[in-house]
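The structure appears below as structure tokens.
The values are calculated or read from the model by the stated rules, or taken from the named source; none is laboratory data. On a predicted model such as this, the values are computed, not experimentally measured, just so you know. Cβ sites come from the backbone with ideal geometry, for glycine too, and all protein chains shown count toward neighbours.
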Amino acid sequence: MTVLPSLSEAFWPPWLHARIDGCSLALMVKTQAKCNQLVPYSDTQLGLHIQKAPIHDAANREIILFLSKQLQVPKKEVHILVGLHHKEKVVLIAGLSAPVVFQRLIAHWPALMQTSFKKEKS
């Protein structure tokens with residue numbers, strides 16, 4: 001089990017943004033991957049590998065389905081806000097706070113922890 005730092009010990013990763021209506025994730029999507037998975041990508045974006053091809057909106061539907069399962073929310077709570085036809089996307093997770101989303105992602109994908117937290121400077 002991964003032990004998370006407390007909120008006072010760390011900053012949220014730059015790819016996770018708190019919003020009034022939930023939170024958003026900045027993603028870089030790779031389609032036609034071997035499997036669906038989240039991966040560290042950069043300081044400002046989370047990588048998401050999706051098996052589906054970007055044809056007839058299949059990849060976008062797969063992104064919504066994958067994130068809804070990982071975050072344990074209904075599909076209707078996951079919305080692609082920016083990048084409907086691009087690799088770079090911003091996805092809204094309605095009704096969940098940034099800390100809850102982060103903890104649920106780390107529970108499934110502990111490798112994200114390596115690039116996600118930066119200690120506060122004293």
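Given (1) among the hydrophobic types (A, V, I, L, M, F, W, C); (2) assigned to a loop (DSSP other than H, G, I, E, B); (3) modelled with pLDDT of 95 or more, identify the lone condition not met by ALA26.
Status for ALA26: all satisfied but (2).
Being more than 12 Å from the chain's Cα centre (by Cα) and buried (at least 17 other Cβ atoms within 10 Å of the Cβ) narrows it down to one residue among ILE20, ILE63, ILE50, ILE55; which is it?
Matching residue, one of ILE20, ILE63, ILE50, ILE55: ILE50.
Show the residue pairs that are 6+ apart or on different chains and have beta-carbon atoms under 9 Å apart, the first residue being within region 51-65 and small (Gly, Ala, Ser), the second being surrounded by fewer than 15 Cβ atoms within 10 Å (Cβ to Cβ).
Within 9 Å, the pairs are ALA53/GLN32; ALA59/GLN32; ALA59/ALA53.
Going by the structure shown, is SER68 within 22 Å of ALA111 (Cβ to Cβ), within 14 Å of the chain's Cα centre (by Cα), modelled with pLDDT of 95 or more and polar (S, T, N, Q)?
yes
Checking LYS75 against (1) in contact with a helix residue (DSSP H, G or I) (Cβ under 8 Å, 6 or more places away or on another chain); (2) within 14 Å of LEU16 (Cα to Cα), only one condition comes out false. Which one?
(2)
Just give me the residues in region 23-47 being touching a Pro at 6+ places or on another chain (Cβ under 8 Å), surrounded by 13 or more Cβ atoms within 10 Å (Cβ to Cβ) and among the β-branched types (Val, Ile, Thr), in sequence order.
Once the filter is applied, which keeps residues that are touching a Pro at 6+ places or on another chain (Cβ under 8 Å), surrounded by 13 or more Cβ atoms within 10 Å (Cβ to Cβ) and among the β-branched types (Val, Ile, Thr), region 23-47 yields only THR31.
Which condition breaks for GLY47 when tested against (1) assigned to a strand (DSSP E or B); (2) modelled with pLDDT of 95 or more?
All conditions pass for GLY47, except number (2).
Filter region 55-85 down to the residues that are over 14 Å from SER24 (Cα atoms) and in a helix (DSSP H, G or I) and list them by number.
ALA58, ALA59, ASN60, ARG61, GLU62, LEU65, PHE66, LYS69, GLN70, LYS75, LYS76, listed by residue number.
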